[in-house]
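What follows draws every value from the coordinates through simple rules; no lab data is involved. Small disclaimer: the values here were computed from a predicted structure and weren't measured. Please note: Cβ atoms are built from the backbone with ideal geometry, for glycine as well, and neighbour counts cover all protein chains shown.
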Amino acid sequence: MGIAVAVASGPTIGVRRTDPAPRPEREPREIAVLLEQPSVPYRPIAEVETGAGSLPNLRRWTKRLTVEAARLGGDAVLLLSEGDARSLVAQVIVFPEDEVADRTDPKSAI
């Protein structure tokens, strides 16, 4: 388990993997962004924090979170909290294979 920080054009992101098992990458558009815990079983595989220099930009931050979740092979990003006024903390989660058909939980919000 380690921490990685990626700097791209836009928000920075810190990643702390909690499950090092390799997973195939996914397309970012396949990643759900959840505001509440899903009603189906899931497992966290990483914690991510994103933020940027000046003004907060939720749309840009959630996009960056979904890109990172896709890179890690996650199914969804579960928003946990604002780290501070300039960051957002989330978990990258996966659903067990028998729950794949129900990935899009009605609580998916963004």
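Once you have the Cα-Cα distance between THR18 and GLN37, take 0.36 nm times their residue separation minus that, and quote the gain in nm to one decimal. Could the numbers behind the result be given before it?
Numbers: separation 19, 0.36 × 19 = 6.84 nm, distance 1.77 nm.
That pair, THR18 and GLN37, stretches by 5.1 nm at full extension.
What order do you get for 60-69, 27-36 when each peptide is scored by the mean count of other beta carbon atoms within 10 Å, highest first?
Most protected by this proxy first, the peptides run 60-69, 27-36.
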